Amino acid sequence: MTVPVEITINGKACSGEVEERQLLVHFIRENAGLTGTKVGCDTSQCGTCTVQLDGVSAKSCTVLTVQASGSSVTTIEGISDGVDLHPLQEAFWNNHGLQCGFCTPGMIMAANELLSKNPSPTREEIRHGLEGNICRCTGYQNIVSAVEDAAKAMGGR
Amino acid sequence: MTTRIFGSGIRRREDPRLITGRASYTDDIKLPGTLHAAILRSPYAHANIKSVDATGAAGQPGVVAVYTGEDTDGVLNGLPCAWLIPGSDLKTPAHPAIAKDKVRYVGDAVAVVVAETRYQAEDALEHISVDYEPLDVVVSPKAAAQDGAPQLHEDVPNNIAFTWALAGGDTDAAFADAAVTVSDTITLPRLIANPMEPRSALAQWSAAMGELTLWNTTQNPHIARFVTCVVTSVPEHKIRVIAPEVGGGFGSKIPYYADEAITAFCSMKLGVPVKWTETRSENYLITTQGRDHIEEVEMAATSDGVITGLRTTVYAGMGGYLSTAAPGVPTILHGLMYSGPYNIPNISGTVYGVFNNGAPVDAYRGAGRPEATMLLERMVDLVAAAVGQDPAEVRRKNLIPKFENGHDVATGITYDSGDYESALDSCLSAAGYEALRAEQAQARADGRCVGVGVSSYVEICGLGPSQVAGAVGFQGGLWESAIIRFYPTGKANVMVGSSPHGQGEETTFAQIVAGELGVEVDDVEVIHGDTDNTPMGWGTYGSRTTAVSGAAIAVAARKIKEKSRALAAHLLEAAPEDIEYEDGRFYVRGSPDQHKTIQDIALMANVAWNMPEGMEPGLEASAFYDPPNFTYPFGAHIAVVEVDPETGRIDLQRYVAVDDCGVQINPMIVEGQVHGGVVQGVGPALWEGAVYDDDGQLVTGSMLDYALPRADLLPDIEVSSNTTPSPHHPLGVKGIGEAGTIASTPTVYNAVMDALRPLGVTRVDMPLTPEKVWRAINDARNGG
């Protein structure tokens, strides 16, 4: 049993016939071929699959593709062209905010929403804001610094 | 041009692809026509398999093939254990990729389905029926070693896989003469490594060429190729293993698993690419775990707190089978470090490696050394309490005095260099120790439970001399090799056999070449992870990549420099001994304007129009570096906690780390390793621990149930360092990947115990969850 869907991903229309049970993250990775969004767990805990769904950050492993039909999704590939970096990408690079890089796309997407809601967060607020995303490499400290740095670059303070 | 890049915290060259989502991890790789495998896993921790009926799965939508142990039996060889400790009566029972007769832990593979999509493969698993005869289960490694315990393997009495003993000095006499003895039983629960990237394998078999390509989440692609050859019987030179981007490992991606063998088997049967990627739930069940120690420990000391002896009996859980490197972890990497940074003249230990009904246990960040440091640091604190002295002072009086070139300890190994007291002093000073103790006294007077924990540590890293590896039964070498190849334009590639997966060596290694040869760091590209285009190497673990591969690169760069000097002399019509080198330029002594740059030399060597008699064209060098000794990084850490006695909740308020990893190539990366390492050690002290119930079911089977450190639970870590170069290393480096994890568990544990001491609490098993702490406080209040 498949259902037709059409989702705008990073500004491009992506359509397909998908199973009703297909997870959005699999549509993004398999149908749209955008593998920057990762699958790190199966219980909605790790946050590596975080994307923006109609402007709100969402764990794409807990959204069905059919639920997202007609919506607009932004993934890590969509926040910059890969050359001219988003301030968060630049800040993660400058602050050594990543090691293995697997959590990084989700972490950047989550941080992006955090900054959209709170443009000048304290370190404490950043730590709380990112508690839904797990990083096993960095101990979070440089991620917090990166988000703090990006907030400044984005004019937050 | 600057060559001061060596030693500077430049940002990482691997990051642009990672921060933009353009990097390819194994599961991101798509080959045309790929089929997807899902593996049926035992729901029982211990059971006989009476029958497997896969016919129901075969007709399911999209299913292409179903294989069971009957199919792989005799085709795939058993998974080998590759660390065969001599003199330990080691038993290595068969470890089939797919179980045929018996399962020994929840998650043991029983069958595999290959289908057009992963969803279809997973669906079809439900249509395989397996008739199990459940058997009695044993989880605790100590219980498993007792008479009458359920037996996992027929030919392994009492489940004891090996017995390893260590003795230096006269420990019995030390205890007989001791004014003070302390003891405790320390339980280090199983830990789940949790790299954020689940494991994955993509196998592509070419029947026409007899060639197997395996993309695999491995920390050591050359070992993976070696073992794939052993298991599949495909000749080693016909196997290509590629570790593309690898999303962390922490030891759990060292071993060779049944899953990659099964994936390769499926591709070889079907002639198309087959991919398998574990779910996180599978990762918790089947990917190797760490620790699982029960340590019965005693320490002897004088009435003044001078340590005179250490005695241990350790039960180390191995899980259902011996994983690739498992026997080496609680023995060589653990027992040999029983002296720590201290003078302990008399040491004895017995380690039992014990099969139990859980996932196989193998190296996890620190691998053996956190377990050794934990027991030592716990004992030192107990000695301090027994003699009524400050724990920092008891450490100081027992630390080995500064040495620059070799110090023998009672366990029989020789540390390279150390200045433990300076590290302790630096840490006490950075933490403001005296003020902390004063604040603590005030807090206690106010009825608050504030604790300060101190640890000193030394670790064995930079694994290691191959001759020693052979002597201790490691079934491989521990050298590394590197090739540096300059192109006509003066740009260079460095090919290495080790395989970093987050540690940043694409940057660090380029910095080494830049420092040695005066090229821009951006003119050097590091290639790793593909057995087809890298020289042989043994992989990334044991804080060895910069220490061993880095040395190979330095040695290769120095060969390049010598050839360049000779070619420069020829081109400048001077004698080689008259050529000076500085900052990438070779010049005639006294005439700096008469020079050739390394780029000039690269061009002239590559075109070879004017070479000296007998000199080969090209500017390329390779080096095989076999370290003469291990390296021994060290340091001291301090933690400050406050415990809420009404809830048992622990607030980690400060963490101060002083580490000495020798010469630092990129201090930013070093600091990042300390941050991550410390947090990974805080985890088991406070939150992390795998729990199996009495039936061998993993209770902490997901990230919902297994408490990983999260951003909001941690303070900023205060990091600083000292520099004591390794005397035997070409660059003086020692390694930093595991230091934080080794030090932080006992540091935080000791801090909590320090906080609880006035309440009469003397011991709590890790992890120190609020419930356990609250119960311990109440038990103490109620008279213990």
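The values are calculated or read from the model by the stated rules, or taken from the named source; none is laboratory data. On a predicted model such as this, the values are computed, not experimentally measured, just so you know. Quick reminder, even Gly has a Cβ in these numbers, built from the backbone with ideal geometry, and neighbours come from all protein chains shown.
Taken together, the residues in region B:497-537 that are out of contact with any Phe, Trp or Tyr (no Cβ under 9 Å at 6 or more places or on another chain), more than 19 Å from B:Asn216 (Cβ to Cβ), of a type in the set (Gly, Ala, Ser) and in a loop (DSSP other than H, G, I, E, B) amount to 1.
Put simply, of B:Pro715, B:Pro709 the only residue that is of a type outside the set (A, V, I, L, M) and in contact (Cβ under 8 Å) with a residue 40 or more places away in the chain is B:Pro715.
Which of the residues that make up region A:101-148 are acidic (Asp, Glu), assigned to a helix (DSSP H, G or I) and within 12 Å of another protein chain (Cβ to nearest Cβ)? Before the answer, list the steps.
Pass one, region A:101-148, residues acidic (Asp, Glu): A:113, A:124-125, A:131, A:148.
Those still in the list that are assigned to a helix (DSSP H, G or I) too: A:113, A:124-125, A:148.
Those that are acidic (Asp, Glu), assigned to a helix (DSSP H, G or I) and within 12 Å of another protein chain (Cβ to nearest Cβ): A:Glu124, A:Glu125, A:Glu148.
Restricted to region B:629-660, and to residues there that are of a type in the set (Asp, Glu) and assigned to a strand (DSSP E or B), the residue that is surrounded by the most Cβ atoms within 10 Å (Cβ to Cβ) is B:Asp659. Can you confirm whether A:Thr43 is without any contact (Cβ under 8 Å) to a residue 12 or more places away in the chain, in contact with a Ser or Thr (Cβ under 7 Å, 6 or more places away or on another chain) and facing another protein chain (nearest Cβ under 8 Å)? Answer is yes for this residue. Condition test on B:Met318, is it under 26 Å from the mean Cα position of the chain (by Cα), part of a strand (DSSP E or B) and either within 14 Å of chain A (Cβ to nearest Cβ) or buried (at least 24 other Cβ atoms within 10 Å of the Cβ) (or both)? For B:Met318, the condition - under 26 Å from the mean Cα position of the chain (by Cα), part of a strand (DSSP E or B) and either within 14 Å of chain A (Cβ to nearest Cβ) or buried (at least 24 other Cβ atoms within 10 Å of the Cβ) (or both) - is met. Can you tell me which residues in region B:497-510 are more than 14 Å from chain A (Cβ to nearest Cβ) and either surrounded by fewer than 24 Cβ atoms within 10 Å (Cβ to Cβ) or not small (Gly, Ala, Ser) (or both)? Hit for region B:497-510 is B:Phe509, nothing else. Where strands (runs of 3 or more DSSP E) fall wholly inside region B:156-232, the ranges with 2 or more residues that are touching a helix residue (DSSP H, G or I) at 6+ places or on another chain (Cβ under 7 Å), within 14 Å of chain A (Cβ to nearest Cβ) and on the phi < 0 side of the Ramachandran plot are B:180-192, B:200-206.
Of all the criteria given as (1) within 30 Å of B:Ser702 (Cβ to Cβ); (2) of a type in the set (Lys, Arg); (3) in contact with a Ser or Thr (Cβ under 8 Å, 6 or more places away or on another chain), the one not satisfied by B:Arg311 is (1).
Scanning region B:656-680 for residues that are within 10 Å of chain A (Cβ to nearest Cβ) and either polar (S, T, N, Q) or more than 29 Å from B:Ala554 (Cβ to Cβ) (or both) turns up B:Asn666, B:Gln673, B:Val679, B:Gln680. Residues satisfying the criterion are absent from region A:66-78 (criterion: within 29 Å of B:Pro667 (Cβ to Cβ) and more than 10 Å from chain B (Cβ to nearest Cβ)). Only helices (runs of 4 or more DSSP H) whose full extent lies in region B:1-90 are considered here, and the ones with at least 2 residues that are more than 14 Å from chain A (Cβ to nearest Cβ) and either farther than 17 Å from B:Asp131 by Cα or of a type outside the set (A, V, I, L, M) (or both) are B:55-58, B:69-72.
The residue that is farthest from B:Ser726 (Cα to Cα), counting only those in region B:647-666 that are charged (D, E, K, R), in contact with an Asp or Glu (Cβ under 8 Å, 6 or more places away or on another chain) and in contact (Cβ under 8 Å) with a residue 40 or more places away in the chain, is B:Arg654.
On the given criteria, is A:Ser15 out of contact with any Leu (no Cβ under 7 Å at 6 or more places or on another chain) and within 12 Å of chain B (Cβ to nearest Cβ)?
Against the criterion (out of contact with any Leu (no Cβ under 7 Å at 6 or more places or on another chain) and within 12 Å of chain B (Cβ to nearest Cβ)), A:Ser15 does not qualify.
Checked against the criterion of being among the β-branched types (Val, Ile, Thr) and surrounded by fewer than 24 Cβ atoms within 10 Å (Cβ to Cβ), region B:349-361 has at least one qualifying residue.
Okay, residues lined up against (1) crowded, with 20+ Cβ neighbours inside 10 Å; (2) over 30 Å from B:Val674 (Cα atoms):
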residue	(1), (2)
B:Gly169	no, yes
B:Arg199	yes, no
B:Thr213	yes, yes
B:Pro221	yes, no
B:Ser252	yes, no
B:Tyr256	yes, no
B:Ala261	yes, yes
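Taking B:Val241 as the residue in question, decide whether it is more than 14 Å from every other protein chain (Cβ to nearest Cβ), assigned to a strand (DSSP E or B) and not small (Gly, Ala, Ser). Taking the combined requirement at face value, the residue satisfies it. Across region B:699-728, the qualifying residues are those that are in a loop (DSSP other than H, G, I, E, B) and β-branched (Val, Ile, Thr), and the one among them that is nearest to the other protein chains (Cβ to nearest Cβ) is B:Thr700. Quick one: which residue in B:Val130, B:Val112 is of a type outside the set (D, E, K, R), in a strand (DSSP E or B), at pLDDT 95 or above and over 28 Å from B:Asp362 (Cα atoms)? After applying the criteria, what remains is B:Val130.
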